[in-house]
Each structure stands twice: as structure tokens, then as C-alpha cells.
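Some notes on the structure that comes next.
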Amino acid sequence: MIISMAYPGRYMRFFYFALVGLLIFDFAFYPLAAHAQSRRTARQAEEKSERSSPRPFTTLVPEESEKEVTPPVEIKSIGKAAYDAVIRSGRYIVGPGDVFAVVVNRGEEIETFEVPVGASGSLLFPSVGPVSVAFLSLTEANQAIQTAIKKRFHQLDISIGLARLRTFPINVVGEVHMPGAVDVEGVEQASQLITKAGGLIDDFNRKGSSRNIQIMSLDENGQWHNTGRRIDLELWNRTGKAQYNPFLLDGEQIVVPVARSDSIYVTGAVKYPGSYEFAPGDRVADLIILGNGLRAHSPPKRAHLLRLSDDSDWTSIDIDLPRVLAGDPQANLTLQAGDKLYVIGETKRVYVEGEVKFPGPFPFKEGLRLKELLQQAELTPEASVVQASLIRKVNFEEQTIEDDPALNRLLGIPRSQRTDAEEALITLKTQQFSGRLPIDFVALMAGDERHNILLQDGDVVRIPRFVSSVRVTGAVVAPANIPYDAVLTVGGYIDLAGGFNTRAKRKDIIIIEGNTGNAIPATSESLVRPGDAIVVPTQAIVPGQGYRITREVIAMLGSVASLVFTIVLINREL
């Protein structure tokens, strides 16, 4: 009995101890739990209040903006020239796909987020609403965004900038290999887009203009019109200025026309003399730039502008180069198609070309003679003094075919009625260089001082490689190039060419000298030099000449017969 009562008392004590422990835990931790619950309730109420109040630019984006969020755009780097010309100037045209960065300064904290331009062309700002910016310039878009935000929030310091650029199409049409639309990645120059379109056509029959490329844009009526901005790749290559190779904007297109046939010319003391495509508005300074500038050793101060007048005469206009280069509009004349600029260099030079050890320009000084120049240039073993020539600079207006009566007579004959010899003579004569002087270099090198002439500024000495043959053409059996033989005369070379044919004019043989291009009469005993050409003219046969002679003979015989018959009748009557 005592044992059975002992065990229940033991369990009761354990129960009492557990109850006392629960009471102690409840009294100790209940205030802490109540305080935590009150803080959680207050925070939830604050968040609910914030959601219902107009606190701007939270990081939460409304559901309607999520529908218009574009995929992430790869950031394209642009150079300083593109930044200055398009972004900094505010000329960039905003469109769907561009992304703006918004920075809100609250005083104690700065909040930054990005807003894309949706497909509808609007920016959707939290607590502000949509702001239409499509096809506005960057300056206009920034003003529209600032105005919309300031209407809602007056006290905030807000900065807005273009964060990422979109890709948009530009049409490149005309004389390019692959005309059509090309994608502009952010900001690109016209030359880059032309390259994407396959580059300019430069074939024998077709050539795209490199100086008169047009930029077109759509007007309010949807019609293309010229923006007045011209692409000039030649001047851009020379100067690197973006004004000649502009950046394209959305809504524009590039039109590459056929290259103009009229040109402008520059020669003299410029680095790249030659002819260049004419562009309306060109000035003297532009032509000098196209020639890659003046020679740096001693910049010239004078130039002559040659212009063809209405009566087909050349007129010369003096140009003051220092004033032109200083930007004086009165001196920097506007050019016309066909104008030719000759820049007079202060440093005078003569030139040696061909088979010499030291080809190129040589300083010119008064009293310099031809033989002295050849000694400075040093002839090579392959040099042909027989065929050497001296070319003297002539004015543009003098660069015409010389007044040769024989040549003029041949040119007056219809092509279908010319003989082979006459064609050869025309070819040889028209290939002569204007300004070539008749110098006998063989006699010069042998010591004949009559040919050791004084040189002039700009003279060019050409020493070709030795050609050991003589050309025989015209009324011979087998026209050919025959190896040179010092023993042979004109008759010997004609015999090697098969001799005269039946139509040869044997007394009118002509030798075309290889070094001067002069045509001189010759006989069968005349000597020739390597590079000379022997031309045997052909007797001209006029179509119908045989029939006309026969008819005249028959008519004459008929007249004689009639006269004889009349005389016989008279004698019988007597």
C-alpha cells in the first residue's frame, strides 16, 4: 500500500514542475513576441501606404510597361566624331529600341533605372505615364521627358540621357553593287553604309560618283527630297572631315548617281596632279585639296586658272594662293566644269624617266644642259639613246594636235577609203607627244654640242629600253617588225618584208623617227635607226573609177566614128 502510493506522488511532482516551467516561459517571452508582432504590423501598414501614395520612380514597373519592354540591346561604342556630330548636337532621331537612363536625386539617395522606347514609340515612366518620343530629335525628346516629369514632381532633381542606341535600316540605292536596305548599328557614316551595299560600281561602262552622292529624306507628304547634305568621299579621304562623310539618321537614304563626265584639272606644284570629278560648288581650294595639297619644300604663291569661254577660247585668271588658303572668298573662286588649275612652283625641277640608275626629279638651275642632266642620272646598259626624247612643258591651250597639212588631209578621207599605210601614218602621227623636241641623242652622246640644249623648268627626259627592231608597214607583201641591222637600208628592210605590193607608191616612202615622231621622206637608200617605222603609202583606188574610164573611152570612140562617117558621106556627095 505504501509502495503503490509512492509512485503516484512521484508522477504528480513531475507534472507540477512542467506546469511551473511553462508559466515562467510565458511570462518571460510574451512581451518580446508582442513587440515583434507590432513592428511587423506597422511595416506592412507603411508598405500599403507607400503603394497607395504617389512616390515616384520606384523600381517596380507597372504591368503595362512590361508588355513593351524590348530585348536587351548590345551596347555599341561610338567615336568622338560620331558623338559630337550626332549625340552631343542633339540631331539623333529617337525611335523604338532606344533606351534612356533616368537618374533621380532624392537628396539622401540617388536612384537610377533604364526605360526603353516601346514599339508604340513611347516611354512608360512609373507614376508619370507614357511620353511619346518617336521620331523626335534627341534634344526634343529630352525636353518632352523633362516637361512630363516636372508636371508631376516639382522638387526632384532628375537627369535623363540616352543609354543605348537601336538598329535601324537605311536605303542605299543607285550605282552600288548591292542596292537596298542596310542596317545602321547606332551611328554610322555614309562610307560605312556604302561599303555594306557592296561599294561603288567602277566598271568600264558604269562608274558610281564618289563626289556627288546625295542624302534624301521624306517630307510631310511622304515624298523624297534632297536634304542639301552631300557626300564627297574624295575630299573626305583627303581631309577626314565629317562634313564630307556625314552620319546618317533614321528616315534618310543614300542615292549614288553615275559619275559626271565633266572634270576639273590640277597640275604643277601639287602632290597628286590629275583630273577629278566636278562637283557643283567646287572652289580653287577644293581642287588644291584634291591634289593632296601643295608641295611642302617651297609652297608656291601663284597659280593660273584656265577657263574655256563661250567662244571656245581659253582665258587665264591669276590666282593668289596665300589668299585662297587663308579663306578669302574673293580669291577662292568658284570653279566651272572643265577648269584647269596650274600651280606655279617656287622650286624648279627637271625629270628623268626610264632606263637610268637615278630616275625622278632633279633640281633645276639656270644654265643646266641636257648632257649634264644625263650624266647625273647615269644611263643603264639597256638604255636606248636612239629612241630617247625630251618633252617640254606646254600650256593647256597648246596641247592640241600640231597643224600638219598631211595629217589633216588624211583625216579628211573617209575611214572606209583609207589604206593601211594611211591608217598607220595617222596612228603614228597622233601618238606624238605635244611639246616633244627634235633632239638627236646619238649625236649628243657623240659630242655634237648643237643638241646639248639648255633645259627649262619642268622638262622631262625619257630614256626607253632599247628596241632592236624596225617596223615596216603599208603597201608591202608582209608587214612586220624586223630585227635591226645597221647595214640595211630602207630598201633592204622592204625586201625582208616581202617587197612592194602592186599598189605601192614607191616614190612616197616615209620614215617615222622613233625618238622624235617626225615623218621624213625617204628613198630605198635611206638609213634607219632602231625603233623607226617605214611606211609605204598605197595608191588610192576610187570606187567606180574603172567603169568611168571605160565609159569615157567608149563615148570618145563613138564621137570619132561619127566624125569619120560624116566625112565619108560628104566625100561621096562630092
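Within segment 310-328, does at least one residue satisfy the condition of being buried (at least 19 other Cβ atoms within 10 Å of the Cβ) and in a helix (DSSP H, G or I)?
Yes, the conditions are met somewhere in segment 310-328.
For segment 124-135, give me the residue count where each residue is within 24 Å of residue 154 (Cβ to Cβ) and either under 42 Å from the mean Cα position of the chain (by Cα) or of a type in the set (Gly, Ala, Ser) (or both). Before the answer, list the steps.
Going residue by residue through segment 124-135, those that are within 24 Å of residue 154 (Cβ to Cβ) are 124-133.
The next check asks that each one be either under 42 Å from the mean Cα position of the chain (by Cα) or of a type in the set (Gly, Ala, Ser) (or both); those that pass are 127, 129, 132-133.
Selection size over segment 124-135: 4.
Considering only residues that are β-branched (Val, Ile, Thr) and not in a helix (DSSP H, G or I), look in segment 123-154 and name the one that is farthest from residue 167 (Cα to Cα).
Top of the filtered list is 128.
Filtering segment 334-353 down to residues that are aliphatic (A, V, I, L, M) and either in a strand (DSSP E or B) or surrounded by fewer than 18 Cβ atoms within 10 Å (Cβ to Cβ) (or both), which residue is nearest to the chain's Cα centre (by Cα)?
Result: 337.
Among all residue pairs at least 6 apart or on different chains, which show Cβ distances below 7 Å where the first residue, located in segment 259-273, is within 21 Å of residue 207 (Cα to Cα) and the second is of a type in the set (Lys, Arg)?
Filtered contacts from segment 259-273: 259/207; 265/340.
Name the residues in segment 505-535 that are in a strand (DSSP E or B) and modelled with pLDDT under 85, would you?
Scanning segment 505-535 gives 512, 519, 520.
Scan segment 432-453 and report the pairs whose first residue is surrounded by 16 or more Cβ atoms within 10 Å (Cβ to Cβ) and whose second residue is small (Gly, Ala, Ser) and at pLDDT below 80, with Cβ atoms within less than 6 Å and a gap of 6+ or a chain change.
If the second residue must be small (Gly, Ala, Ser) and at pLDDT below 80, the pairs left are 432/517.
Residue-by-condition table, conditions (1) in contact with a helix residue (DSSP H, G or I) (Cβ under 9 Å, 6 or more places away or on another chain); (2) outside the structural domain of residue 116 (by TED's automatic domain parsing):
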| site | (1), (2) |
| --- | --- |
| 137 | no, no |
| 156 | yes, no |
| 174 | no, yes |
| 188 | yes, yes |
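With (1) assigned by TED's automatic domain parsing to the domain that holds residue 447; (2) in contact with a helix residue (DSSP H, G or I) (Cβ under 8 Å, 6 or more places away or on another chain); (3) modelled with pLDDT of 85 or more; (4) over 30 Å from residue 301 (Cα atoms) as the list, and residue 385 as the residue in question, which single condition is left unmet?
(3)
Return the residue satisfying two criteria in turn: it lies in segment 448-487 and is farther than 22 Å from residue 357 by Cβ and of a type in the set (Lys, Arg), and of such residues it is modelled with the lowest pLDDT.
Checking each candidate, the answer is 471.
Mind listing whichever residues of segment 468-489 are under 17 Å from residue 386 (Cα atoms), among the aliphatic types (A, V, I, L, M) and crowded, with 16+ Cβ neighbours inside 10 Å?
Result: 470, 482, 488.
Out of all the residues in segment 490-507, which are exposed (fewer than 15 other Cβ atoms within 10 Å of the Cβ) and charged (D, E, K, R)?
Answer for segment 490-507, where residues must be exposed (fewer than 15 other Cβ atoms within 10 Å of the Cβ) and charged (D, E, K, R): 506, 507.
What's the total number of residues in segment 177-211 that are touching a residue at least 60 places away in the same chain (Cβ under 8 Å), closer than 13 Å to residue 254 by Cα and in a strand (DSSP E or B)?
2
Among the residues of segment 519-534, how many are within 24 Å of residue 385 (Cα to Cα) and either exposed (fewer than 14 other Cβ atoms within 10 Å of the Cβ) or among the charged types (D, E, K, R) (or both)?
The number of residues fulfilling the criteria is 6.
I need every pair where a residue in segment 136-148 that is among the hydrophobic types (A, V, I, L, M, F, W, C) has its Cβ under 6 Å from the Cβ of a residue that is modelled with pLDDT under 85, sequence separation at least 6 or different chains.
Pairs that qualify, where the first residue is among the hydrophobic types (A, V, I, L, M, F, W, C) and the partner is modelled with pLDDT under 85, are 138/90; 138/92; 145/160; 148/128.
For segment 184-214, give me each residue that is crowded, with 21+ Cβ neighbours inside 10 Å, more than 11 Å from the chain's Cα centre (by Cα), among the β-branched types (Val, Ile, Thr) and under 14 Å from residue 173 (Cα atoms).
Passing the criteria: only 194.
The values are calculated or read from the model by the stated rules, or taken from the named source; none is laboratory data. Just so it is clear, the structure is predicted and the values come from calculations on it, not from any experiment. Neighbour counts are summed over all protein chains in view; Cβ atoms, including those assigned to glycine, are modelled from backbone coordinates with ideal geometry.
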